[in-house]
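Student: Below you will find the structure I want to go over with you.
The values are calculated or read from the model by the stated rules, or taken from the named source; none is laboratory data. Here the structure is a predicted model, which is why all the values come from computation and not from measurement. Every residue, glycine among them, receives a Cβ derived from its backbone with ideal geometry; neighbour counts consider all protein chains shown.
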Amino acid sequence: MTARTRIKVCGMTQKADVELAVQFGIDALGFIFVKESPRYISPEKVRKIAADVPPFVHRVGVFKNEDPAIVHEIVQYCGLSVVQLHGSEPPEYSETISCRVVKSFRVQADTAPEFIESYRGAVDGFLFDTYQKGAAGGTGKTFDWQILRKFSPPGPIILAGGIGPDNVREALLEVKPFAVDVNSKVEIEPGIKDMEKIKALIEEVRKVDLGLGE
């Protein structure tokens, strides 16, 4: 059986974009609940947007150092199936979350494998993103994927950071992640997606999955 790479589009803010992404076959939709983000969306808007999302498309809530009680409230209110943590949340933080958890790590040359290993059993997925001072994601820049060779994440790898239709093939062949998480490279402006780029990215991912053009 051919493995299928999962695709998540993060920073969704528009219902029309959500509907088209679902039609195109996206696996997960990301909604950012970090108020300082240019892609912030309120729980009230997510609840309306996500109301018609099919049950096997994941609704992912992105948080950064948020009070666990508030996270729990938003998970229930918006019907989230996954929480993605982008702050300095320790492994035990995940015990307070009522759904599956993905932890984001901003990769640098000196990122310690032991730090990644400390989240073993605490989270369900390991997202690797580009480090940029003052930014928790959405930088539009890639990092040196070869750094990941020194890690042995005890769970599925999700690759993020500057991935778009022009470089997703290279990313998949180099890292072989379980999933890719795309955002700024498939946008017209923050929060407004370029659906042609998303469609092109999906086509590239499926070609790699099928072993075409390698």
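Student: Just to verify a result, which residue in region 169-214, among those that are of a type in the set (Val, Ile, Thr) and within 16 Å of the chain's Cα centre (by Cα), is surrounded by the most Cβ atoms within 10 Å (Cβ to Cβ)?
Tutor: Among them, the one singled out is Val182.
Student: Restricting to region 42-57, name every residue that is among the aliphatic types (A, V, I, L, M), surrounded by 13 or more Cβ atoms within 10 Å (Cβ to Cβ) and assigned to a helix (DSSP H, G or I).
Tutor: Val46, Ile49, Ala50
Student: Here is a further query. Just checking, does region 120-143 include any residue being assigned to a helix (DSSP H, G or I), surrounded by fewer than 17 Cβ atoms within 10 Å (Cβ to Cβ) and modelled with pLDDT under 95?
Tutor: no
Student: Out of all the residues in region 66-88, which are in contact with a helix residue (DSSP H, G or I) (Cβ under 6 Å, 6 or more places away or on another chain) and either farther than 18 Å from Glu44 by Cα or surrounded by fewer than 12 Cβ atoms within 10 Å (Cβ to Cβ) (or both)?
Tutor: Answer for region 66-88, where residues must be in contact with a helix residue (DSSP H, G or I) (Cβ under 6 Å, 6 or more places away or on another chain) and either farther than 18 Å from Glu44 by Cα or surrounded by fewer than 12 Cβ atoms within 10 Å (Cβ to Cβ) (or both): just Pro68.
Student: Name, by its number, the condition in (1) at pLDDT below 95; (2) surrounded by fewer than 15 Cβ atoms within 10 Å (Cβ to Cβ) that does not hold for Asp166.
Tutor: (1)
Student: Determine whether Ile41 is closer than 22 Å to Val168 by Cα, hydrophobic (A, V, I, L, M, F, W, C) and touching a residue at least 40 places away in the same chain (Cβ under 8 Å).
Tutor: no
Student: Also, I was wondering about something else. Any idea which of (1) among the aromatic types (Phe, Trp, Tyr); (2) touching a Pro at 6+ places or on another chain (Cβ under 6 Å); (3) crowded, with 20+ Cβ neighbours inside 10 Å is the one Phe151 doesn't satisfy?
Tutor: (3)
Student: Report those strands (runs of 3 or more DSSP E) wholly inside region 146-214 carrying at least 1 residues which are of a type outside the set (A, V, I, L, M, F, W, C) and within 18 Å of Met12 (Cα to Cα).
Tutor: Passing ranges, in order: 179-182, 187-189.
Student: Taking the condition surrounded by 21 or more Cβ atoms within 10 Å (Cβ to Cβ), more than 30 Å from Asp67 (Cα to Cα) and modelled with pLDDT of 95 or more, does Ala160 pass?
Tutor: In short, no.
Student: Would you please name the residue that is modelled with the lowest pLDDT, looking only at residues in region 89-114 that are among the hydrophobic types (A, V, I, L, M, F, W, C) and surrounded by 14 or more Cβ atoms within 10 Å (Cβ to Cβ)?
Tutor: Val107
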